[in-house]
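The values are calculated or read from the model by the stated rules, or taken from the named source; none is laboratory data. Keep in mind the model is a prediction, meaning the values are calculated, not measured. Cβ atoms come from the backbone with ideal geometry, glycine included; neighbour counts cover every protein chain shown.
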Amino acid sequence: MSPLLKKIYELQDIHTISKHEQIVQGIIAAIDADILKVGDKLPSINEMVAEVGYARKTFVKAYTELKERGLVESKNLKGYYIISKETKVTLKVALILFAFHSFQEDFYNTLRKELGKKYHIDIFFHHNNLALFKTIMDNISRKYGMYVIAPVQEDEVIPLLKTIPSDRLILIDRYLKMPKEYSYVTQEFEDITYNKLVELAPQIKKYKKFVLFFKPDTDLPLEILNAFNRFIKDHNVDGKVIESYEPDVVKKGTVYFSISDSYLWKVLKEARKMEYRIGSDIGIIAHDDNIIKEIAFGGITTISTDFKTMAQKAAKFVKNRKHIQETIPTYLRRRNSL
């Protein structure tokens, strides 16, 4: 009898665990005992059925769980192989984000905290690049137990996402219309941004001009640009969209709306150099809140969703796989910059 089968048979007398758990725990014990090493091939399902005598579906379930834990990888027509010795991991999670912005760092840190040490998270970034997103999806396909994905908002993405069972995938951040059985915890951009700008209209109109920094073909939400254009038209505001930051762009009597933090810091740096007073000489609105915006220059007014709440709800789905479809509220935080 092989050492692996011996480990499995040792668990048969424990009546509190099921047959598929006997197989899972037996293989885990073999890994911990260094009987199985990374790169080793497991017996095929047919071989295990013949040797142990359990139903085929029992071994399929056990090998699937080992794959979800990130311990085993199935290679087409070649069998099942050990790929990790991290046996304390309950589930391996793939997290796909646009980029590691500060607010997405808040999401990751909260998700990590909520899931705890028994969940292993691998993180990937697609930068709103469809080709890169497809490559990531191809590389991680069938290798994770759960998928938490901020998708590129393109129809071509939908067939890729539908290859993942609905109880193993939750969409976050950006909404994409998927079949009703798929879960999401996302934010809404256009109507929310427009409505928050309307709330700020009295303050915005104290200034001569309203400028939005928006660079096309990036990961910035196009819906925010649409909201800005609707607002300046509906409220007769002298508005302008600037695609790239140039030196000396900051002028008195202007409100600057920045989605990207990199543009925001440049505006603040130039304003300080020119000795402009934030909130009187110039106004500033930013998208996506964080602690720096709360305290810098007396506080920056922001339009932002609660990414910690989004992460908490995503973590809950990962743990219990209970269907959820929710749009996280977006908040206006008025501070001294406007």
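Quick notes
- Listed by first and then second residue, the pairs with beta-carbon distance under 7 Å, at least 6 apart or on different chains, first residue in segment 293-321 and at positive phi, second assigned to a helix (DSSP H, G or I), are 297/268; 321/167.
- Residues (crowded, with 16+ Cβ neighbours inside 10 Å and more than 21 Å from residue 214 (Cα to Cα)) located in segment 283-307: 296, 297, 299, 306, 307
- Note on segment 185-206: residues that are among the basic types (Lys, Arg) and surrounded by fewer than 16 Cβ atoms within 10 Å (Cβ to Cβ) amount to 2.
- Residues being surrounded by 15 or more Cβ atoms within 10 Å (Cβ to Cβ), modelled with pLDDT under 95 and charged (D, E, K, R) - total across segment 207-222: 2
- Checking each residue in segment 263-292 for being among the acidic types (Asp, Glu) and either free of Cβ contacts under 8 Å to residues at least 60 places away in the same chain or closer than 13 Å to residue 336 by Cβ (or both) picks out 270, 275, 281.
- Inter-residue pairs, beta-carbon under 6 Å, first closer than 22 Å to residue 89 by Cα and of a type in the set (Val, Ile, Thr) and in segment 31-52, second crowded, with 17+ Cβ neighbours inside 10 Å and modelled with pLDDT of 85 or more, 6+ apart: 38/82
- Identity of the residue in segment 304-325, at pLDDT below 95, among the basic types (Lys, Arg) and part of a helix (DSSP H, G or I), that ends up nearest to residue 150 (Cα to Cα): 308
- Enumeration of residues in segment 35-74 that are among the aromatic types (Phe, Trp, Tyr) and under 20 Å from residue 141 (Cβ atoms): 63
- Taking the listed residues 191, 155, 173, 219, the one that is more than 30 Å from residue 277 (Cα to Cα) and without any contact (Cβ under 8 Å) to a residue 24 or more places away in the chain is 155, with no other qualifying.
- Segment 16-45, subset among the aliphatic types (A, V, I, L, M) and assigned to a loop (DSSP other than H, G, I, E, B), residue modelled with the lowest pLDDT: 17
- Filtered by the rule that a residue be more than 20 Å from residue 311 (Cβ to Cβ) and crowded, with 17+ Cβ neighbours inside 10 Å, segment 126-135 gives 128, 133.
- Of all the numbered requirements in (1) farther than 19 Å from residue 126 by Cα; (2) loosely packed, with under 14 Cβ neighbours inside 10 Å, residue 156 misses one, and that requirement is (1).
- Scanning segment 234-282 for residues that are assigned to a helix (DSSP H, G or I) and surrounded by 15 or more Cβ atoms within 10 Å (Cβ to Cβ) gives 261, 263, 264, 266, 267, 268, 270, 271.
- Test: residue in segment 82-91 that is surrounded by 14 or more Cβ atoms within 10 Å (Cβ to Cβ) and within 18 Å of residue 164 (Cβ to Cβ): yes
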